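J.: Below you'll find the structure I mean.
The values are calculated or read from the model by the stated rules, or taken from the named source; none is laboratory data. The model shown is predicted, which means the values in this text are computed figures rather than measured ones. Cβ placement follows ideal geometry from the backbone for every residue including glycine, while neighbour counts extend to all protein chains displayed. Each accessible area value is taken on the protein alone, full model and side chains, heavy atoms only, with ligands, DNA and RNA left out. Shrake-Rupley method; radii C 1.70, N 1.55, O 1.52, S 1.80 Å.
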Amino acid sequence: MTPSKNLSHLVIPILLLGIWGCGGEPSPKKAPQGLGKQPSQPTGNMPAETSERPKAFSFEEVSQKAGVQFAYRNSNENPGHYAILDSLGGGLSFIDFDKDGKLDLFINGGGTITKKGDPNHPAGVEERTIIGYPSKLYRNKGDWTFEDVSKQTGIDKPLFYNHGATVFDYDRDGWPDLVITGFGRLALMHNEAGPLPGTRVFVDKSDAAGFNKSHFWSTSAGAADFDGDGFVDLYLCQYVNWSLANDPKCPGYTLNVDRDVCPPKKFDAVPHALWRNNGNGTFTDVSKVSGLRMDRVDKEYGKGLGVVCVDVTNDGKPDVYVANDTVDNFLYINKSTPGKIHFEEVGLEWGVARDDRGMPNGSMGVDAADYDGSGQASIWVTNYEGELHSLYGNVSQGNRRFFQFRTQRSGIAAIGQLHVGFGTVFSDFDLDGWEDIMVSNGHVIYHPVKAKIRQRAVLLHNLGGGKFEEVGNSSGTYFAGDHLGRGLVAGDLDNDGWPDLAVCHANENASILQNTTKTLGKKPTFLGIELVGKNNTDIVGSRVELTVEGKKLTRFAKGGGSYLSSGDRRITFGLPENATPQSINIHWPDGTSQKVTGLEPGKYHIVKQ
């Protein structure tokens, strides 16, 4: 996420001075401004759009008219802050908290480091301290307007420096709950009946559940029933051992800048955590006995920023892929039995720990999908400036399991290496049956050498045959602008089948992007599936196959994904106009299979196990 040592070879003078940087021409020496306010630097090497090229997608930025005017905030909105804490930013999540069939929107609030004399510095605190900002919950009213229900639902508390969230039903009562991550603690927010009929409230059950006993700095979280006992467990990424007491002064990455944000190499990793759900409202920390990487003497076993839970072996069990910052990424294969969680880490062996040069990357966002029609989950990871994003094609055959680095052959390398990629999603934006990719970009330091601070989002059209093409310039005003992008989610906000987007920025209002691709004259349809496990058991690990016009499409039920965010859990298949789906086959996490026929296109269907 912040500069990694494998980029320092790009500029010999910087290497000789011992500065960890990305290389390139020096920036003018000047006092830092807030990252949310800095002007952009020269544009990157995005492919140019041509007037002859037909538009692939169309999105309209609608946050203002929708009534969503809220920004994740951190210390970088004011000058003079260099803490790595503020570089991570925040996320957002789709959650139908009131179960009215419409996706609502949760946005993390963030936090700041205050000093004595600051307006919001707590009374009686002499030195610097870390405080949190309240988050927001917007109820979807169904007409492309949203209502702020943060206060009446209790989502504006507790207050701590928060980054992200994930959505899951931890007590199997049929109502979606939230885990909110951040610095110093996390919050397990239980979705309960409110004081008035038909209302819902979120109640902090963190202490009762057994959390916050060994928590330090959590980033992304992924939930799934790993051991198959019927209750959903929690994988928690943790980052580095930064604190107010361990906040060194680091030089800039150009010759004439005396200070900038420290790289993660300055800090030790913090062990990731795995919490087993006991089924009675409590969780047990099983990190040390479940096979997690925790034994490296050099403290380089983590620095986790993104996680996705998905079945990559087609055995029904949810596996875990973790995006780590400047060190090897992890792939945990699920070897659990009921009541006992156990993983085997195979990232290096299976080819998904490093890039095609054998180097670990500064990885942030992650997702998985069958992008090439193989019927297997491939892995996608966003990386730091000077690195290619990583597309790992799943080319496993039988018992021979491995992935292949396919960024160049897919055409994705054409976007260049000037982006710092964070939130990312696979989604079929034009309903052509192939899942496309979006990436939210934005820098983490004050004085990048070559890249911009505020950056354009990337939108990649899946052309089929394993090829992608960048089409952002022709897809709407949002993609023509520069942002400090962080978290990102995809989901169908108006239930028309066309996936919409929501993006979290640092110190800039979040964006809601309505998918208006159907206005381009495209006339596909869709088939939407909402999976419901037996007795409200978790669906992550499920695989759904649709046969239509002789072609098999595969989709996966996933936990976590993107960066600090949680998207629409429903599964959508894009279909040709007037197509009639032949059948869907559902492979549930408990190993059972279910065939469903006769589903009408153009709508969502609830399919119960």
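J.: Which of the residues belonging to the stretch 482-501 are open to solvent by 10 Å² or more (accessible area, probe 1.4 Å) and under 19 Å from VAL458 (Cβ atoms)?
T.: ASP482, HIS483, ALA490, PRO499, listed by residue number.
J.: With open to solvent by 10 Å² or more (accessible area, probe 1.4 Å) and of a type in the set (Asp, Glu) as the only criterion, which of ASP319, ASP315 stands out?
T.: It is ASP315.
J.: Further, regarding this structure: Please tell me if TYR384 is closer than 22 Å to GLU344 by Cα and under 20 Å from the mean Cα position of the chain (by Cα).
T.: It is false that TYR384 is closer than 22 Å to GLU344 by Cα and under 20 Å from the mean Cα position of the chain (by Cα).
Per-residue answers, yes or no, for (1) among the aliphatic types (A, V, I, L, M); (2) modelled with pLDDT of 95 or more; (3) open to solvent by 10 Å² or more (accessible area, probe 1.4 Å):
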| residue | (1), (2), (3) |
| --- | --- |
| GLU345 | no, yes, yes |
| ALA353 | yes, yes, no |
| GLY362 | no, yes, no |
| ALA369 | yes, yes, no |
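J.: Please note which strands (runs of 3 or more DSSP E) are completely contained in the stretch 418-468 and include at least 3 residues that are under 16 Å from the mean Cα position of the chain (by Cα).
T.: Fully inside the stretch 418-468 and qualifying: 421-427, 436-441.
J.: Then there is this: Which one is most open to solvent (accessible area, probe 1.4 Å) among residues in the stretch 558-609 that are among the aliphatic types (A, V, I, L, M) and touching a Pro at 6+ places or on another chain (Cβ under 8 Å)?
T.: Among residues in the stretch 558-609 that are among the aliphatic types (A, V, I, L, M) and touching a Pro at 6+ places or on another chain (Cβ under 8 Å), the one most open to solvent (accessible area, probe 1.4 Å) is LEU599.
J.: Inspect the stretch 254-270 for any residue being open to solvent by 10 Å² or more (accessible area, probe 1.4 Å) and closer than 29 Å to ASN535 by Cβ and give the result as yes or no.
T.: no
J.: What single numbered condition from (1) over 21 Å from the mean Cα position of the chain (by Cα); (2) buried (at least 24 other Cβ atoms within 10 Å of the Cβ); (3) of a type in the set (S, T, N, Q) fails to hold for SER336?
T.: (2) is the only condition that SER336 fails.
J.: Out of the stretch 553-572, which residues are touching a Gly at 6+ places or on another chain (Cβ under 7 Å) and either aromatic (Phe, Trp, Tyr) or under 14 Å from GLN376 (Cα atoms) (or both)?
T.: If the condition is that a residue be touching a Gly at 6+ places or on another chain (Cβ under 7 Å) and either aromatic (Phe, Trp, Tyr) or under 14 Å from GLN376 (Cα atoms) (or both), then LEU553, THR554, ALA557, TYR563 are the ones that fit.
J.: Is the stretch 532-547 home to any residue that is within 25 Å of ILE437 (Cα to Cα), β-branched (Val, Ile, Thr) and open to solvent by 30 Å² or more (accessible area, probe 1.4 Å)? Break it down into steps so the answer makes sense when it comes.
T.: Initial filter on the stretch 532-547 (within 25 Å of ILE437 (Cα to Cα)): 539-547.
The next check asks that each one be β-branched (Val, Ile, Thr); those that pass are 539-540, 544, 547.
Applying the additional criterion that residues be open to solvent by 30 Å² or more (accessible area, probe 1.4 Å) yields 547.
Yes: one or more hits.
J.: Quick one: in the stretch 222-236, of everything that is among the small types (Gly, Ala, Ser), surrounded by 24 or more Cβ atoms within 10 Å (Cβ to Cβ) and in contact with an Asp or Glu (Cβ under 9 Å, 6 or more places away or on another chain), which residue is nearest to ASP538 (Cα to Cα)?
T.: For the stretch 222-236, the residue satisfying everything is ALA224.
J.: Is it the case that some residue within the stretch 297-312 is in contact (Cβ under 8 Å) with a residue 40 or more places away in the chain, in a strand (DSSP E or B), over 20 Å from THR181 (Cα atoms) and charged (D, E, K, R)?
T.: no
J.: Name, by its number, the condition in (1) surrounded by fewer than 20 Cβ atoms within 10 Å (Cβ to Cβ); (2) within 23 Å of VAL327 (Cβ to Cβ) that does not hold for ASN280.
T.: (2) is the only condition that ASN280 fails.
J.: Answer yes or no as to whether GLN455 is free of Cβ contacts under 8 Å to residues at least 40 places away in the same chain and farther than 19 Å from THR519 by Cβ. Outline the logic, then answer.
T.: Values: free of Cβ contacts under 8 Å to residues at least 40 places away in the same chain: no; farther than 19 Å from THR519 by Cβ: yes.
Judged against the criteria, GLN455 is not a match.
J.: Which of the following residues is at pLDDT below 95, among the hydrophobic types (A, V, I, L, M, F, W, C) and closer than 24 Å to TYR133 by Cα: PHE211, PHE183? Spell out how you get there, then give the answer.
T.: Numbers: PHE183 fails: at pLDDT below 95.
When all the criteria are applied, what remains is PHE211.
J.: Name the one entry in GLY154, GLY198 that is open to solvent by 10 Å² or more (accessible area, probe 1.4 Å), modelled with pLDDT of 95 or more and more than 23 Å from the chain's Cα centre (by Cα).
T.: GLY154
J.: Turning to a different aspect of this structure: Considering the stretch 201-221 alone, what residues qualify as being polar (S, T, N, Q) and either crowded, with 16+ Cβ neighbours inside 10 Å or under 22 Å from the mean Cα position of the chain (by Cα) (or both)?
T.: Across the stretch 201-221, the qualifying residues are SER206, SER218, THR219, SER220.
J.: Would you say PHE402 is surrounded by fewer than 16 Cβ atoms within 10 Å (Cβ to Cβ) and either more than 26 Å from LEU564 (Cα to Cα) or in contact (Cβ under 8 Å) with a residue 24 or more places away in the chain (or both)?
T.: It is true that PHE402 is surrounded by fewer than 16 Cβ atoms within 10 Å (Cβ to Cβ) and either more than 26 Å from LEU564 (Cα to Cα) or in contact (Cβ under 8 Å) with a residue 24 or more places away in the chain (or both).
J.: Consider only pairs whose beta carbons are under 7 Å apart and that are at least six residues apart or on different chains; among these, list those whose first residue lies in the stretch 541-558 and is over 15 Å from THR597 (Cα atoms) and of a type in the set (Gly, Ala, Ser) and whose second residue is part of a strand (DSSP E or B) and modelled with pLDDT of 95 or more.
T.: Correct list of pairs: GLY541/ALA224; SER542/LEU531; SER542/ILE586; SER542/HIS587; ALA557/LEU531; ALA557/ILE571.
J.: Could you tell me whether GLU435 is in contact with an Asp or Glu (Cβ under 6 Å, 6 or more places away or on another chain), of a type in the set (Asp, Glu) and buried (at least 20 other Cβ atoms within 10 Å of the Cβ)? Show your work before the answer.
T.: Numbers: in contact with an Asp or Glu (Cβ under 6 Å, 6 or more places away or on another chain): yes; of a type in the set (Asp, Glu): yes; buried (at least 20 other Cβ atoms within 10 Å of the Cβ): yes.
Here the answer is yes, as GLU435 does meet what is asked.
J.: So, one more: If TRP275 satisfies every condition in (1) crowded, with 18+ Cβ neighbours inside 10 Å; (2) assigned to a loop (DSSP other than H, G, I, E, B); (3) touching a helix residue (DSSP H, G or I) at 6+ places or on another chain (Cβ under 9 Å) but one, which is the exception?
T.: TRP275 satisfies every listed condition except (2).
J.: Return the pairs, sorted by first residue and then second, in which the second residue is assigned to a loop (DSSP other than H, G, I, E, B) and among the hydroxyl-bearing types (Ser, Thr, Tyr), the first residue lies in the stretch 428-446 and is closer than 30 Å to LEU255 by Cβ, the beta carbons are less than 7 Å apart, and the residues are 6+ apart or on different chains.
T.: Filtered contacts from the stretch 428-446: VAL444/THR2; ILE445/THR2; ILE445/TYR253.
J.: Further question on the same structure: So, in the stretch 149-197, exactly how many residues are of a type outside the set (A, V, I, L, M, F, W, C) and under 27 Å from ASP86 (Cα atoms)?
T.: 16
J.: Which numbered condition in (1) of a type outside the set (Phe, Trp, Tyr); (2) touching a Gly at 6+ places or on another chain (Cβ under 6 Å); (3) surrounded by 24 or more Cβ atoms within 10 Å (Cβ to Cβ); (4) modelled with pLDDT of 95 or more is the only one that VAL449 fails?
T.: Checking VAL449 against (1) of a type outside the set (Phe, Trp, Tyr); (2) touching a Gly at 6+ places or on another chain (Cβ under 6 Å); (3) surrounded by 24 or more Cβ atoms within 10 Å (Cβ to Cβ); (4) modelled with pLDDT of 95 or more, the one that fails is (4).
J.: Here is a list: GLU508, GLU530. Which entry is at pLDDT 95 or above, over 28 Å from GLY442 (Cβ atoms) and within 24 Å of the chain's Cα centre (by Cα)?
T.: Checking each option against the conditions leaves just GLU530.
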